[in-house]
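Structure first, then comments.
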Amino acid sequence: MSLKIDYKEINKIIRLMEEKNLSHFELEVEGLKIKIGRNLASALASEPAPVLEVSTDTQEKSNNTPVEPIPQEGKNDLYYITSPMVGTFYSAPDPSSPPFVEIGDSVKKNQTLCIIEAMKLMNEIESEVDGTLMKVFIENGKPVEYGQRLFAIQPLS
Amino acid sequence: MSLKIDYKEINKIIRLMEEKNLSHFELEVEGLKIKIGRNLASALASEPAPVLEVSTDTQEKSNNTPVEPIPQEGKNDLYYITSPMVGTFYSAPDPSSPPFVEIGDSVKKNQTLCIIEAMKLMNEIESEVDGTLMKVFIENGKPVEYGQRLFAIQPLS
Amino acid sequence: MFSKILIANRGEIALRIIRAARELGLKTVAVFSEPDKNSLHTMLADEKICIGPAKASESYLNIPNLISAAEITKADAIHPGYGFLAENPRFPEICETSGITFIGPPGSIMRLMGDKNRARQEMEKAKLPVIPGGDNSTEDISEAKKIAKKIGYPIILKAAAGGGGKGMRVVRSASNLEEQFSIAQNEAKAAFGDSSLYLEKYLHKARHIEIQVIGDTKGNVLALGERECSIQRKYQKLLEETPSPFIDEKFRKKLIKAVHDAAHFIGYQSLGTFEFLVDDRKKYYFMEANTRVQVEHPITEMVYAIDLIKEQIKIAAGNKLSLSPDLRLSGHSIECRINAEDAETFIPSPGKIDFLSFPGGEGIRVDSAAYNNWQIPPDYDSLVAKIVAKAPTREEAIKKMIVALEMTTISGIKTNIPLHLAILSNSDFIKGDYDIQFMEKFLDKMNSSRKKG
Amino acid sequence: MFSKILIANRGEIALRIIRAARELGLKTVAVFSEPDKNSLHTMLADEKICIGPAKASESYLNIPNLISAAEITKADAIHPGYGFLAENPRFPEICETSGITFIGPPGSIMRLMGDKNRARQEMEKAKLPVIPGGDNSTEDISEAKKIAKKIGYPIILKAAAGGGGKGMRVVRSASNLEEQFSIAQNEAKAAFGDSSLYLEKYLHKARHIEIQVIGDTKGNVLALGERECSIQRKYQKLLEETPSPFIDEKFRKKLIKAVHDAAHFIGYQSLGTFEFLVDDRKKYYFMEANTRVQVEHPITEMVYAIDLIKEQIKIAAGNKLSLSPDLRLSGHSIECRINAEDAETFIPSPGKIDFLSFPGGEGIRVDSAAYNNWQIPPDYDSLVAKIVAKAPTREEAIKKMIVALEMTTISGIKTNIPLHLAILSNSDFIKGDYDIQFMEKFLDKMNSSRKKG
């Protein structure tokens, strides 16, 4: 048993993270898993303290919830709108209308994003932030449970 | 199973961690798992104090029976005479006689050390090595189970 | 028959209902709050829906979410279990409006039984004796004084809207009525939003005896032999047995007949339990009826060799009651409620179960949603398992239960198993000589011997 | 009554006996081989003694160590369980010499039943029909040819000293007798050190039906309703049920009476099982008697609501048989033997159980010595758990068993749960239309459909 670590590669990753000021990096290739985290706060305080994890544990991997591919823009995290109730998701006010919002749209706080029908009532779900709509998680007419992600919004910084 | 640690590799990892000021490193390859943690505070105090754990197959380890602390004398391990049967331990041939052996005695291979009574039969238990009797684990007249330690002998080297 | 049942509950009773439904060939939908994501009922149902956060009022008590969950999963029936919404008459009514069958009695029966005064009046009409007093809900202390004088001390104060021991106070003489009345009012107000109390005769050496009832939608009602539930602490049942060591066959028949007739009189449907206090002269007094399946229903199932939940589901689907009126109680059964709590202080002990090994073998039944490494959420009740023993005689059932508890291992959390073992070894308990005061005296004795020791 | 029982066994049956003994107020001593140090029977008995290394011949079959273990722990009785020494007549005899009560039949009965030919002769005297042939142990092929001709093909070859399927061969015509005889002789020699075989009529559409017997030391014998054990693979029982879907009340009474009389005739004592083949015309033939508790005894306990092991212990202590001859079978019970083996290849799968969650609730009994994180030793049989279901009807019992198995989780090892689920869903099984050939045909079909798929 011997360690086979490609230090050049890891160094390159860390350098890239420093350069781009990334807080988090994950890579998975052929059963090898690398996770690197950098504490941005301390990084900004001129004391970089990245956290690095390399693992090949495939078992754990299979239990992970799939990681959503997230478009990273600047330093801001995405804001998720989740369902406050159980019901049926409608992306438009009625079948003949266009959706309330589409990916890439700018959305304003309190703007209606969708309708969730519960107990025959139509509940308008509003945006909680100003920003850009990055993702819609549910298809029109599909059921949603409590806490399920509906939209990802890139907030205005 | 013996540990095959590539200290050069481990030193390289630690050096990298110091250089990059990493707090944590984990690697798992083919059943070998390495975790290295660095206390950043003490690292800053110019005294690197890495914590190193190397283990092979963590599953097996947890099932191991606790290891008895063994008095180490010279380079030789103690030799244990265990009970080959279930029965009652007698340290002497009859109640009025002195014990077969006492601590500090030299014992020879095939010398009778005790009797174990099982099913009304007296079974003489003999030494399997030449050496010095270091310990008697059972009191006269007490029950013993299979595999229970009876004597510890320091074998002649 | 239905095609899919949504179970509006969690824990062992949710699992109990999932099993029964599946045995009937029905699909099941579990609902769960966020901390119950990894609970066994969530994992073992055919479908699962998150209905809200930890707080019960926003999840297991959230009618809109429950109805929506049934709608989006196309469940055609809802079983409420016990607790939560099981006795809320609005729930069956909303189910009906939404075209979903509620597996339980109609809202009208819940409303009747939920109002303790109306229930007592109705039961008196049905020839069931009620405890002197009671029919006297008041918020006024001077009114209460007059009533108490008429009934005669000791009396007990109970919340008119209540249940579960909240707002209950025993008053032994006129001199402390005023103080106790005010405390009980505050408790009742806090628990049920209604501070009216009723007063009733407090019985000596009383036993808590209850009769299981099951009725179909065609007017057929069956009443079954009694459950003895006098082993209670602060009105919380701890250990139940059937038959009661106190009740002989003649009295059993009388009680069963009286309850059958009363249940028939009000047109009882689905499962229900009529609770009585029985004094040492075998006089029985109706206390209240619970319009749902009871936690302790398994002991009845054991001695009658029946499945009450399967029968309840079939009846809700319009089937005729299939249990024979000739059913005879056979053997003796005991249930111990194993709670995650300190056996001495009763302080709840939620947390992670590090290791769990339940008993098994002849005459042992375990109803539990616990599993190895399960993190018990602190948000709900502390019931970890119901361990039920059955044997031909009471003596054998007690021994079987002791051995079963001794061979149970639950580590990582504290449980009340040591308390159960102490009760099962108590000489009065073994003789069957106990009443609803048993636990109070038992704990006083334990505490004082601990202090001495 | 005894004061302390040593259990000369391991696994679920050791636990079963520990429970029964403790319920009778007796102390228990577990014996264990080195790999069973952390087994549940070792941990749950009052005392424990290591009796040898993994190899059964040096531990669980080591009579001197077992007797010594009883002596040093002052146990006054030994229960052998099933397997290991349970049917070795020397064991009760040595126990007797050592002043220890053996909980089982006397050595003389074991010797009689252990010799298949003598047993058949004796049973013929007792008016039990035996299968044509059989009374003909031989090592000589020319002798065998004559016998076979007399009985008529097909015949079955069986080891005279044997049991458990070893040395058994079905021969369909004279042309392959010679070859099969030689194979069976080798198997018998290897397994039992004796190459003599006997020949008997091979029955078509035969069912394996067995009758539970229990007798006291005063001449009282009771025979109970049948267990249907035709679901076997290579003579290993897999799933048992009672009553047999094939047997009606009239035939049951006849069979019970015949067995009762035969057991009484030979003065049967303790638990025992008379095994029969029953053909499609309901003709029954005595095969053999097992002079010990049977793996599948729980299904009898379920439908009769009795505890056979407790009764066996009491009888061994000299008590009179306490079970009433009026006992009536009620309901239907099924047992599935959950083995640590691949459900398709039957290759044993010992190892560590990573996660274990057993079923529970109404009508479910689990007999198991398994627990979370237990390392199953590869040295012994692969039985992990017996899951037993009981319900009022066979149809309900099958459904209950299916749901119980579906709600069982055992991970880390492979189990035959998928095989049981497939059997329980098979239309012939559901109809009750099967015989001892069922599994062979069932597996052939499964294999060919797998190949096609």
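The values are calculated or read from the model by the stated rules, or taken from the named source; none is laboratory data. Here the structure is a predicted model, which is why all the values come from computation and not from measurement. All Cβ positions, glycine included, derive from the backbone under ideal geometry; neighbour counts span all protein chains shown.
Worth a mention:
- Test: residue in the stretch D:31-48 that is more than 8 Å from chain B (Cβ to nearest Cβ), of a type in the set (K, R) and touching a residue at least 24 places away in the same chain (Cβ under 8 Å): no
- Residue check, C:I78 within 14 Å of chain A (Cβ to nearest Cβ) and within 22 Å of the chain's Cα centre (by Cα): yes
- Check on D:E200, part of a helix (DSSP H, G or I) and within 28 Å of D:K257 (Cα to Cα): no
- When the residues of the stretch D:110-143 are filtered to those that are surrounded by 22 or more Cβ atoms within 10 Å (Cβ to Cβ) and under 30 Å from D:V29 (Cβ atoms), the one that is nearest to the other protein chains (Cβ to nearest Cβ) is D:M110.
- Residues of the stretch D:360-382 classified as within 11 Å of chain C (Cβ to nearest Cβ), among the acidic types (D, E) and within 18 Å of D:N9 (Cα to Cα), total: 1
- Which listed residue, of D:A385, D:A343, D:A389, is facing another protein chain (nearest Cβ under 9 Å), in contact (Cβ under 8 Å) with a residue 24 or more places away in the chain and of a type in the set (A, V, I, L, M): D:A385
- The listed residues are D:K400, D:K386, D:K390, and the only one of them that is under 24 Å from C:S39 (Cα atoms) and basic (K, R) turns out to be D:K400.
- D:I51, sole failed condition from (1) farther than 18 Å from D:D379 by Cα; (2) touching a residue at least 12 places away in the same chain (Cβ under 8 Å): (1)
- Matching residues in the stretch C:323-339 - criterion: being surrounded by 14 or more Cβ atoms within 10 Å (Cβ to Cβ) and either farther than 30 Å from C:I410 by Cα or at pLDDT below 95 (or both): C:L323, C:L327, C:L329, C:S330
- Within the set C:D379, C:D428, the sole residue that is exposed (fewer than 15 other Cβ atoms within 10 Å of the Cβ) and of a type in the set (D, E, K, R) turns out to be C:D428.
- Within the stretch C:63-81, the residues that satisfy the criterion of being of a type outside the set (A, V, I, L, M, F, W, C) and crowded, with 20+ Cβ neighbours inside 10 Å are C:N65, C:S68, C:E71, C:T73, C:H79, C:P80, C:G81.
- You will find that of C:K257, C:K253, C:K310, C:K320, the residue that is basic (K, R) and within 12 Å of chain D (Cβ to nearest Cβ) is C:K310 and no other.
- Some residue of the stretch D:157-176 being surrounded by 20 or more Cβ atoms within 10 Å (Cβ to Cβ), touching an Asp or Glu at 6+ places or on another chain (Cβ under 6 Å) and not assigned by TED's automatic domain parsing to the domain that holds D:S68: yes
- Qualifying residue in the stretch C:50-66 (condition: within 30 Å of D:L424 (Cα to Cα) and modelled with pLDDT of 95 or more): no
- Filtered residue count, the stretch D:137-155, keeping only those that are under 25 Å from the mean Cα position of the chain (by Cα) and either part of a loop (DSSP other than H, G, I, E, B) or within 30 Å of D:L271 (Cα to Cα) (or both): 1
- Selected residue [surrounded by 19 or more Cβ atoms within 10 Å (Cβ to Cβ) and either touching a His at 6+ places or on another chain (Cβ under 6 Å) or farther than 24 Å from C:S411 by Cβ (or both)] from D:A397, D:A370: D:A397
- Residue within the stretch C:50-65 that is away from chain A (no Cβ under 12 Å) and acidic (D, E) present: no
- Every listed requirement among (1) modelled with pLDDT of 85 or more; (2) more than 23 Å from D:V278 (Cβ to Cβ); (3) in a loop (DSSP other than H, G, I, E, B) is met by D:A161 save one, (1).
- Of all residues making up the stretch D:348-357, the number that are under 24 Å from D:D379 (Cβ atoms) and either crowded, with 20+ Cβ neighbours inside 10 Å or touching a residue at least 60 places away in the same chain (Cβ under 8 Å) (or both): 6
- All of C:I17, C:I49 fail the test of being under 23 Å from D:I402 (Cα atoms) and crowded, with 24+ Cβ neighbours inside 10 Å, apart from C:I17.
- Criterion: over 26 Å from C:I18 (Cα atoms) and among the aliphatic types (A, V, I, L, M) - qualifying residue of C:I299, C:I313, C:I347, C:I334: C:I347
Yes or no, residue by residue, for (1) more than 24 Å from D:S230 (Cβ to Cβ); (2) not hydrophobic (A, V, I, L, M, F, W, C):
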residue	(1), (2)
D:E344	no, yes
D:P348	no, yes
D:I353	yes, no
D:G361	yes, yes
D:A369	yes, no
D:P378	yes, yes
D:E396	no, yes
D:I410	yes, no
D:K414	yes, yes
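- The set of residues in the stretch D:82-104 that are in contact with a Ser or Thr (Cβ under 6 Å, 6 or more places away or on another chain) and surrounded by fewer than 23 Cβ atoms within 10 Å (Cβ to Cβ) contains only D:E87.
- Residues satisfying the stated conditions in the stretch A:100-157, i.e. more than 14 Å from every other protein chain (Cβ to nearest Cβ), aliphatic (A, V, I, L, M), in a strand (DSSP E or B) and under 17 Å from the mean Cα position of the chain (by Cα): A:L133, A:M134, A:V136, A:A152, A:I153
- Here C:F251 fulfils each of the conditions (1) under 14 Å from the mean Cα position of the chain (by Cα); (2) over 29 Å from D:M302 (Cα atoms) apart from (1).
- Members of the stretch B:97-123 that are under 30 Å from D:S98 (Cα atoms) and exposed (fewer than 13 other Cβ atoms within 10 Å of the Cβ): B:S97, B:P98, B:K120, B:L121
- Selection status of C:I306, modelled with pLDDT of 95 or more, under 22 Å from the mean Cα position of the chain (by Cα), part of a loop (DSSP other than H, G, I, E, B) and buried (at least 19 other Cβ atoms within 10 Å of the Cβ): yes
- Spans of strands (runs of 3 or more DSSP E) in the stretch D:336-406 with at least 2 residues within 20 Å of the chain's Cα centre (by Cα): D:364-368, D:383-391
- C:L26 in contact with a His (Cβ under 6 Å, 6 or more places away or on another chain) and outside the structural domain of C:R292 (by TED's automatic domain parsing): no
- Residues within the stretch D:415-448 that are over 23 Å from the mean Cα position of the chain (by Cα) and assigned to a loop (DSSP other than H, G, I, E, B), tallied: 2
- Here D:G331 fulfils each of the conditions (1) on the phi < 0 side of the Ramachandran plot; (2) within 14 Å of chain C (Cβ to nearest Cβ) apart from (1).
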